[in-house]
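> This is the structure, below, for whatever I ask next.
Every number in this text was worked out from the coordinates using simple rules, so none of it is lab data. It should be emphasised that the depicted structure is a prediction, and the values quoted were computed from it without experimental measurement. Every residue, glycine as well, gets a Cβ built from its backbone with ideal geometry; the counts of neighbours run over all protein chains shown.
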Amino acid sequence: MHAIVISEPGAPDVLTWSEVPDPVPGTGEAVVEVTATAVNRADVNQRQGNYPPPPGAPEYPGLECSGRIAELGPGTADSGWSVGDPVCALLSGGGYAERVAVPVGQLLPVPEGVDLVAAAALPEVACTVWSNVFMIGRLREGETLLVHGGGSGIGTFAVQLAHARGARVITTAGSADKLARCRELGADVGINYREEDFAARVKEETGGAGVDVILDIMGGAYLERNVRSLAVNGRLTVIGLMGGRSAELDLGRMLVKRLSVHATTLRSRPAAEKAEIVAGVVEHVWPLVEAGTIRPIVDQTLPLPRAAEAHRIMESSAHVGKIVLTR
Ligand SMILES: NC(=O)c1ccc[n+]([C@@H]2O[C@H](COP(=O)([O-])OP(=O)(O)OC[C@H]3O[C@@H](n4cnc5c(N)ncnc54)[C@H](OP(=O)(O)O)[C@@H]3O)[C@@H](O)[C@H]2O)c1
């Protein structure tokens, strides 16, 4: 088969469409014939040599895909899946390829009404947002969520899902255009982080109370302001370190407000935890996608061999939502 290989750590041009060995399904795994995959910030980090795949994961980039089951490995007879089934999948790597092996617990049905190409844009954002905002952050109806980077792949999904489940949504982004898109997707308040201090605006918009949950992608650069922006019993879930990995944490503020700070990465979680998250997404999120309440937001679609161009677009942050790569 062919896959996008990272010839050496570096700029987008190190991504080359090369011939590689076919994957073989292990116990409990399926091989998916890939129709489409989608680009994630983590792929950029992996390409630069800063985010190696976890042990046992395929070495090629790609954390999600859609396609059809081509093969089922040993121990999958009771999985409910058959060869030829259309699926989308949460991967630990290897999506930028013609075929990929994946544990059957990480397969999801393609939601009714979503075409097979667009389905590639769903697994990573749905699983990340569901696990962090709802399983860990326990966001409830009537509470307020602050989503940083509302125009990102993750942000566009978080805004839609939180709005659909009855939360008030405040989001940050770097341009008026992106904030307008976020409002269309259900955001109640948009803050241009280049023009205003988000913490001051959150205080104003919540009457001084703060927000219940924050989904953060900035890490160190936003830690102090995030903690300041949380309401009593607030939950901060950090999923990205685009603003650095360390900063001072004011434990006094945490004691007084009874706050919690969580940080997770989905990719390194054991297969059993991923399967639990996937099951939650199918039960709680897919019905909203099938009803048309939430949709995959695809900025553009490029052929897989042009992955380098897709990475350049992602690094420019000109996109809103996901960049999809097709066979
Ligand atoms: N831990 C996990 O399991 C997990 C899983 C998936 C993704 N992630 C992380 O989630 C983040 C988003 O991923 P993605 O694939 O959706 O990437 P993406 O589409 O490239 O989004 C990155 C976004 O960050 C925005 N941004 C940059 N500086 C910002 C700032 N100071 N404040 C607010 N927004 C800012 C950018 O747009 P503007 O600057 O134009 O607003 C852009 O929309 C990444 O950090 C990624 O590593 C983590």
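> Based solely on C-alpha atoms, express the radius of gyration and the Dmax of the chain in angstrom.
19.4, 59
> Which order do the peptides 251-262, 50-61, 275-286 come out in when sorted by mean C-beta neighbours inside 10 angstrom, highest first?
Numbers: 251-262: 13.1, 50-61: 15.7, 275-286: 17.8.
Taking the mean over residues of other Cβ atoms within 10 Å, the ranking is 275-286, 50-61, 251-262.
> Could you tell me the center-to-center distance, by alpha carbons, between region 230-294 and region 197-229 in angstrom?
Taking the Cα centre of each part, region 230-294 and region 197-229 sit 15 Å apart.
> Another question about this same structure. If you add up the charges near residue 243, with Lys and Arg at +1 and Asp and Glu at -1, over every other residue whose beta carbon is less than 15 angstrom from its beta carbon, what do you get? Let's see the in-between values first.
Values: positive: 41, 194, 225, 245; negative: 197, 216, 224, 248.
Net charge in that neighbourhood comes out at 0.
> Let me ask something else. Compute the long axis of helix 307-316 from its Cα atoms, compare it with the longest principal axis of the Cα atoms of the chain, and write down the angle in degrees, 0 to 90, nearest 10.
0 degrees
> Return the lysines within reach of residue 203: Cα separation strictly under 24 angstrom, same-chain partners fewer than 8 residues apart disregarded; answer none if there are no such residues.
Qualifying lysines at Cα under 24 Å: 178, 257.
> Can you tell me what the convex hull of the Cα atoms of region 219-279 projects to on average, as an area in nm²? If you can, show how the numbers build up before the last one.
Values: hull surface 20.1 nm².
Result: a mean projected hull area of 5.0 nm².
> Per residue, how big is the convex hull around the C-alpha atoms of region 162-219? Give it to me in cubic angstrom, could you?
Numbers: hull volume 5.2 nm³, N = 58.
Expressed per residue, the convex hull around the Cα atoms of region 162-219 is 89 Å³.
> Which of the three applies to region 111-156, rounded, prolate or oblate, going by the alpha-carbon gyration tensor with a ≥ b ≥ c and a/c under 1.5 meaning rounded? Numbers along the way, then the final one.
On the way: a/c = 2.33, a/b = 1.77, b/c = 1.31.
Here region 111-156 falls in the prolate category.
> Within a Cβ distance under 11 Å of residue 114, other residues only, what is the Lys/Arg minus Asp/Glu net charge? Could you put the intermediate results ahead of the total?
On the way: positive: 295; negative: 112, 115, 290.
For residues surrounding residue 114, the net value is -2.
> Taking only the alpha-carbon atoms of region 169-327, what semi-axes of the equivalent ellipsoid follow from 5 times the gyration tensor eigenvalues under a square root, in whole Å, largest first?
Numbers: eigenvalues 167, 85, 64 Å².
Listed largest to smallest, the semi-axes of region 169-327 are 29, 21, 18 Å.
> Further question: Can you give the charge dipole size of the chain about its Cα centre, rounded to the nearest 20 debye, using +1 on the beta carbon of Lys and Arg and -1 on the beta carbon of Asp and Glu? Walk me through the numbers on the way to the answer.
On the way: 29 positive and 38 negative charges, 193 e Å.
Dipole of the chain, to the nearest 20 debye: 920 debye.
> Taking every pair of alpha-carbon atoms in region 126-263, give the share separated by more than 27 Å as a whole percent.
On the way: 792 of 9453 pairs.
Pairs farther apart than 27 Å: 8 percent.
> Still on this structure, please answer the following. Peptides 232-242, 106-116, 197-207: what's the order by average Cβ count within 10 Å, highest mean first? Before the final figure, lay out the partial values.
Numbers: 232-242: 19.8, 106-116: 18.1, 197-207: 16.2.
Ranking, from highest mean packing down: 232-242, 106-116, 197-207.
> Treat every Asp and Glu Cβ in region 126-263 as -1 and every Lys and Arg Cβ as +1, leave all other atoms uncharged, and give the resulting dipole magnitude about the Cα centre to the nearest 20 debye.
Details: 17 positive and 15 negative charges, 62 e Å.
Taking the Cα centre of region 126-263 as origin, the dipole is about 300 debye.
> Also, I was wondering about something else. Apply the a/c threshold of 1.5 to the C-alpha gyration tensor of region 72-120 and tell me whether it is rounded, prolate or oblate. Don't jump to the answer; show the numbers that get you there.
On the way: a/c = 2.02, a/b = 1.22, b/c = 1.66.
Because a/c hits 1.5 or more and a/b fails to exceed b/c, region 72-120 counts as oblate.
> Now, a different point. Quick one: Cα convex hull volume of region 32-77, Å³ per residue? Present the calculation step by step, with values, prior to reporting the outcome.
Working: hull volume 4.0 nm³, N = 46.
Once divided by residue count, the hull of region 32-77 is 87 Å³.
> Here is a follow-up. Compute the distance from the alpha-carbon center of region 119-144 to that of region 51-67, in whole Å.
21 Å
> Let me ask something else about it. For region 1-133, treating each Cα as an identical point scatterer without solvent, what Debye log10 I(q)/I(0) comes out at q = 0.09, 0.16, 0.17 1/Å?
Cα-only, vacuum Debye calculation for region 1-133: -0.24, -0.77, -0.87.
> Putting +1 on Lys and Arg Cβ atoms and -1 on Asp and Glu Cβ atoms, find which of 12, 1, 103 reaches farthest to the positive end of the dipole of the chain.
Value computed over the given set: 12.
> May I pose another question? Run through all the Cα pairs of region 64-190 and give the fraction in each 5 Å bin from 0, expressed as whole percent.
Binned Cα distances yield the sequence 2, 11, 18, 18, 15, 14, 10, 7, 4, 1, 0.
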